[in-house]
Amino acid sequence: MVTIKELAEKTGVSRGTVDRVLHDRGRVSPEVRALVLTKARELGYQPNRAGKILAARKQPHKIGVILPAEGNPFFIDVIKGMEDADREYHDLGFSMEIISVRGFDKDRHLAAINTLKDDGADAIVAATIDSPDVIAALESAAIPFSAVNSDLSTESRLCYVGPDYYGKGALHAGLLAIEGGKRGGILILKGSKDMKGHDDIIRGFRDTIVKRAIKTSVIAESETGDDDAKARFIVQRELSLHPEIDTLFVSTAGILGALEGAEGREMLIFTSDDVAATRELIRSGRVQWTICQEPYRQGYESIRRMQDYLIDGRIPENLITENIVRIKENLLT
């Protein structure tokens, strides 16, 4: 069994610093924190859990959550999973504060981080924009944080719980290849270039179109901010400018607005996420398929991993949720 002393020797820092990282006591630089956590994962560090659980009952913990959930029904099941995990650990003194923001405005996300810090959060679980300013704010808060639903480009985050977005985009393109036939052109709608997952799904889609030699091309790609009104405007504009577009890929939210913008046009339409509105559109034949990503599991596992970390310093592992294709014949109720 790996000890704190051995971790200190392997990382070249003091045992006190290792202890502060593993048990979230005191300030440690993001670089040192990332070094210790990475080495702990590599060596399989396991703390004395029984004693830590007893200690946890005497010290309440608050987990702060940031989600771009306002106006986005996808996050309903994510929140359900989080609430169930929070309920299970309630007797250990855990509580949770969720801040729901609309869209991907950097200042809103920064304000949410500051609010959670001021409210005394012991840790943050965030689906937030992958910008240097936001990452710096999370790191400077000097509390542990992890990414849910969309990853962050920093080794300082404890773990990532969410889908393989690149693989999701590749899967969409593979289904397009199976659908067959030469298409006139594709319009892609995405939430925000500042969300790592939103960018990755488009890369996977575009790369696979080339690999599979699909007989079509992307005519236009636009950000909607996951907003229906903006999605409607963009679709109307692009179809007016490029009447040859006959394929619509709504890669994140905004499907209802996008469909309004395409009203009266015969198009191949596919999207992401298994929400009530999308299921009805698939049943009606207006949308051909969607790819969902286990939102409840994302929410539940992201909170459970942070709870375990706060109890005993157990280093959480990443969890990649499954990309699941839904068509009319296998829709859930």
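Quick note: the coordinates plus some simple rules give every number you see, no bench work behind them. No experiment lies behind these values; they were computed from the predicted model shown. Every residue, glycine as well, gets a Cβ built from its backbone with ideal geometry; the counts of neighbours run over all protein chains shown.
Do the alpha carbons of any pairs in Lys39/Lys168; Lys106/Lys196; Lys80/Lys230 sit beyond 21 Å of each other, and which pairs?
Those over the limit are Lys39/Lys168; Lys80/Lys230.
With point charges of +1 on the Cβ of Lys and Arg and -1 on the Cβ of Asp and Glu, referenced to the Cα centre of the chain, which listed residue (Ile99, Asn330, Ala229) lies farthest in the positive direction of the dipole?
The one lying farthest along the dipole's positive direction is Asn330.
Under the Karplus relation 6.51 cos²θ - 1.76 cosθ + 1.60, θ = phi - 60°, what is the ordered set of whole-Hz ³J(HN,Hα) values for region 96-112, x standing for Gly and Pro?
Working through the residues one at a time gives 9, 10, 9, 10, 9, 10, 9, x, 10, 5, 4, 5, 5, 5, 5, 5, 5 Hz.
At a temperature of 20 °C and a viscosity of 1.002 mPa s, determine how fast region 152-205 diffuses translationally according to Stokes-Einstein, using the Kirkwood radius over alpha-carbon pairs as Rh; express D in µm²/s, rounded to the nearest whole number.
The estimated diffusion coefficient comes to 168 µm²/s.
Using Cβ contacts closer than 10 Å as the measure, can you line up Val78, Val325 from fewest to most?
Exposure proxy ranking, most exposed first: Val325, Val78.
In debye to the nearest 20, how big a dipole does region 165-292 give about its Cα centre with +1 on each Lys and Arg Cβ and -1 on each Asp and Glu Cβ?
Charge dipole, region 165-292, about its Cα centre: 440 debye, nearest 20.
What are the residues whose amide H is under 5 Å from the amide H of Val161, where those residues sit 5 or more places off or on another chain and H is modelled from the backbone?
Result for Val161 returns Ala147, Val148, Asn149, Leu319.
Using a 10 Å cut-off around each Cβ, can you sort Lys196, Lys182, Lys211 from fewest to most neighbouring Cβ atoms?
Fewest to most other Cβ atoms nearby, the residues stand as Lys182, Lys211, Lys196.
Report the local net charge at Leu43: Lys and Arg +1, Asp and Glu -1, summed over other residues whose C-beta lies under 9 Å from its C-beta.
+1
Please state the relative contact order of region 165-292 as a whole percent: Cα pairs under 8 Å, 6+ residues apart?
Values: 235 pairs, mean separation 33.1, N = 128.
Contact order relative to length: 26 percent.
Which value results when the Cα radius of gyration for region 1-46 is divided by 2.2 N^0.38 Å? Walk me through the intermediate numbers first.
Numbers: Rg = 9.2 Å, N = 46, 2.2 N^0.38 = 9.4 Å.
Normalised by 2.2 N^0.38 Å, the Cα Rg of region 1-46 equals 0.98.
Within the chain, what percent of beta bridges assigned by DSSP are antiparallel, to the nearest 5?
10
Could you grab the relative contact order for region 178-253? Cα pairs under 8 Å, six or more apart, rounded to a whole percent.
53
GNM, the chain, Cα, under 10 Å: largest mean-square fluctuation among Glu266, Glu83, Glu238?
Of Glu266, Glu83, Glu238, the Gaussian network model singles out Glu266 as fluctuating most.
Considering the chain as a Gaussian network with a 10 Å cut-off on Cα pairs, which listed residue, Arg157, Arg212, Arg108, attains the greatest mean-square fluctuation?
Arg212
Report the one residue of Thr3, Thr208, Leu22 whose Cα lies farthest in the direction of the positive end of the charge dipole of the chain (charges on C-beta: Lys and Arg +1, Asp and Glu -1; origin at the Cα centre).
Looking along the dipole axis, the top candidate is Thr3.
Quick check on the exposure proxy: order Ile99, Ile143 from fewest to most C-beta atoms within 10 angstrom.
On the way: Ile99 21, Ile143 18.
Fewest to most other Cβ atoms nearby, the residues stand as Ile143, Ile99.
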